[in-house]
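Beneath this line is the structure, given in structure tokens, with notes to follow.
The values are calculated or read from the model by the stated rules, or taken from the named source; none is laboratory data. Keep in mind it's a predicted model, so treat the numbers as computed, not measured. Cβ atoms come from the backbone with ideal geometry, glycine included; neighbour counts cover every protein chain shown.
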Amino acid sequence: MGLNMPNKNKDDMLISLREIRETIKRSGYLLEQRVEPIIGQGFGYVETNPIFKDPDTGKSREIDISALSASRLYNDDMSFIFPMLLCECENNSQPTVFFTGESVIPYLRRDDLKLSGLPIKFWNNRAKEYMGFADFTGMENFHHYCMGKIATQYCSFQLKKDKSCWIALHSDEQHDTFDKLIKVVDYEVNKHFESWYLSDKAEEPVNIQIYYPLVILQSGLYTAHLNNNRLILKKTNHVQFRQQFFSSQDKMETYQIDIIVESYLPSYLETIAIETEKMKQVFQRKKKMVFKSIQQIIEETKKEEGSPKSYRKYFDF
């Protein structure tokens, strides 16, 4: 006996090809497909829709794109710096405005760069103490995190239900995007430290991952600031957004997220490549200090009893 079907014509229950096209165009799927090969060409290894574990819910979540590049430091060993791009694509239906200001000293923003691996702290033999990655590389002189205005607030726009006017608001989707990127950076940092083990080799190579959380908008990116109580709106290709968050280490961390429009992606990737090359030159120039630091860190770590789950507390600055 067959099932009783509703009186509605079966064809009326199916989405049309026109509706499929329009629906996909409104989503972020096409944007993701367009930027993936560009990132692959600039970075090398690209993975779409990788998953990570949300520390708050314990559930799996996914981001749009993860990409890993590699810059070899020396010809005589396997020492690398690995820039890692963690990216969300947003086909924003309305413009997004970021409110910029000069309240944060650019020099201090160098500490917002998230790192993992060995060594990310460096032994200063003269001072008999460690210095951080930013001091070692002098990144305040060349890194984009330390330049330009910063935003700590943003909004998008939505019509009121009665369509009488527009309202400025934080959309749930955008809030989720920033929340997700911060959590996946923290996840990748912890995963890298937890994957480490101490080998019996006489000398450990350099193995550093540098994390770049990124949001790519299809269009409609603006900055806003007050000038003599006059609101100044400016269309832009790139905004640096700074947000605080409690990390998995239960301490307040500041994360910097780059927001760009799709057309700016090649320039953004070139910026990362130039900055990585400048870091590489420092590591090559200070090679003796680099390996002295690795030796010092390893010797201190080996004094600890047992095999820890994570080497973060020994390697981190």
Under 8 Å between Cβ atoms, which residue pairs at least 6 apart in sequence (or on different chains) link something in segment 146-170 that is free of Cβ contacts under 8 Å to residues at least 12 places away in the same chain and over 22 Å from Gln240 (Cβ atoms) with a partner that is among the charged types (D, E, K, R) and in a loop (DSSP other than H, G, I, E, B)? Trp166/Lys160; Ile167/Lys160
For Ile232, state whether it is assigned to a strand (DSSP E or B), closer than 30 Å to Phe157 by Cα and in contact with a His (Cβ under 6 Å, 6 or more places away or on another chain). yes
Answer yes or no as to whether Ile294 is among the β-branched types (Val, Ile, Thr), crowded, with 16+ Cβ neighbours inside 10 Å, closer than 30 Å to Asn125 by Cβ and modelled with pLDDT under 95. yes
Go through (1) touching a helix residue (DSSP H, G or I) at 6+ places or on another chain (Cβ under 8 Å); (2) farther than 30 Å from Pro119 by Cβ for Asp258 and report which single condition fails. (2)
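Tell me whether segment 114-126 contains one or more residues that are among the small types (Gly, Ala, Ser), buried (at least 16 other Cβ atoms within 10 Å of the Cβ), out of contact with any His (no Cβ under 7 Å at 6 or more places or on another chain) and in a strand (DSSP E or B).
No - not one qualifying residue is present in segment 114-126.
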Of the residues Lys183, Lys163, Lys191, which single one is assigned to a loop (DSSP other than H, G, I, E, B) and either charged (D, E, K, R) or within 22 Å of Thr236 (Cβ to Cβ) (or both)? Lys163
Which of the residues that make up segment 212-226 are closer than 15 Å to Leu30 by Cα and either of a type in the set (S, T, N, Q) or without any contact (Cβ under 8 Å) to a residue 12 or more places away in the chain (or both)? Gln218, Ser219
